[in-house]
Amino acid sequence: MIIAIDGPAASGKGTLAKRLAAHFGLPYLDTGMLYRGVARVMLDDGLPLGDEAAAEAVAQSFRPGSVDEERLRGREMGEAASVVAAHPRVRTALLALQKTFASQPGGAVLDGRDIGTVICPDAEVKLFVTATPEVRAARRAQEFASRGEPVSLDDILVEIRQRDERDSHRSSAPLVVASDAVVLDTSALDIAGVVTAALAVIAARG
Ligand SMILES: Nc1ncnc2c1ncn2[C@@H]1O[C@H](COP(=O)(O)OP(=O)(O)O)[C@@H](O)[C@H]1O
Ligand SMILES: Nc1ccn([C@@H]2O[C@H](COP(=O)(O)OP(=O)(O)O)[C@@H](O)[C@H]2O)c(=O)n1
């Protein structure tokens, strides 16, 4: 079974994806880490994020796990990832790796922005996980604070809105709800509630 999870920043995609992967014993790929990784290498090498050809070259040789995850989770990395992710050639360069991961025997869980629309259009289960920008900003602010990176809630809200805007309006694989996805609004749900709702959707799909 392939479970495709998409949604905007800090909606709880990764949290749900990990829980479902553990529940069903499936491998899990956080595809956002690929774009964060490409952006990290660009920044480390002093390359401008807007240079599509350079970003494509980095993406073509990028190996998941080659950059310490801690260096990908920082506040500026979500924004930087969203800039390189808007380059069509970067998306093409990362396509095969994601499709190969998804085609493992037994299936897989992937989360990102275009899993149900581009990477796994035939996934048995497609979930679009969302929450209000205010709730998502509060969750992310708490996450940064617990990592020792305290931030202003207002600043995080502005950043989340900017990222939503860029991810939803780019020409290549924009963030949209797949026509056959089930939308899970997690604004008023705790993590256990989201997992229960997702398992109910999966059970209903047989
Ligand atoms: N339903 C929820 N209620 C409260 N906090 C949540 C919920 N889902 C996720 N979180 C927390 O919100 C933050 C962002 O979640 P995460 O799964 O990383 O989101 P995404 O992968 O969509 O960016 C994390 O700190 C996570 O623990
Ligand atoms: N499948 C994906 C995954 C991420 N991305 C991009 O990568 C950025 C970071 O993704 P992420 O999933 O790690 O970000 P969060 O939702 O965790 O904040 C997003 O804002 C997107 O621009 C994408 O374009 N396609």
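Key figures for this structure:
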quantity: Close pairs (8 angstrom Cβ cut-off, 6 or more residues apart or separate chains): farther than 14 Å from I5 by Cα and hydroxyl-bearing (S, T, Y) in the range 26-40, open to solvent by less than 20 Å² (accessible area, probe 1.4 Å) and part of a helix (DSSP H, G or I) anywhere; calculated: Y35/A81; Y35/S82; Y35/V84; Y35/A85; Y35/V90
quantity: Enumeration of residues in the range 59-82 that are in a loop (DSSP other than H, G, I, E, B) and either within 11 Å of ligand 2 (Cβ to nearest atom) or of a type in the set (K, R) (or both); calculated: R63, L72, R73
quantity: Matching option when the condition is acidic (D, E) and either under 30 Å from S179 (Cβ atoms) or touching a strand residue (DSSP E or B) at 6+ places or on another chain (Cβ under 6 Å) (or both), among D51, D6, D68; calculated: D6
quantity: Considering residues of the range 121-132 that are out of contact with any Lys or Arg (no Cβ under 8 Å at 6 or more places or on another chain) and in a loop (DSSP other than H, G, I, E, B) only, the residue nearest to S82 (Cα to Cα); calculated: T132
quantity: Index of the failed condition, T15 passing every other in (1) over 21 Å from V177 (Cα atoms); (2) within 15 Å of ligand 2 (Cβ to nearest atom); (3) open to solvent by 20 Å² or more (accessible area, probe 1.4 Å); calculated: (1)
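Per-residue answers, yes or no, for (1) buried (at least 18 other Cβ atoms within 10 Å of the Cβ); (2) in the same structural domain as A9 (by TED's automatic domain parsing); (3) more than 11 Å from ligand 2 (Cβ to nearest atom); (4) assigned to a helix (DSSP H, G or I):
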site	(1), (2), (3), (4)
E134	no, yes, yes, yes
A138	no, yes, yes, yes
A145	no, yes, yes, yes
I156	yes, yes, no, yes
A178	yes, yes, yes, no
S187	no, yes, yes, no
A200	no, yes, yes, yes
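The values are calculated or read from the model by the stated rules, or taken from the named source; none is laboratory data. Keep in mind that what you see is a predicted model, and the values were worked out from it rather than measured. Note that each Cβ is placed from the backbone with ideal geometry, even for glycine, and that neighbours are counted across all protein chains shown. Quick note on the areas: whole protein, heavy atoms, side chains included, nothing else; ligands and nucleic acids left out. Shrake-Rupley method; radii C 1.70, N 1.55, O 1.52, S 1.80 Å.
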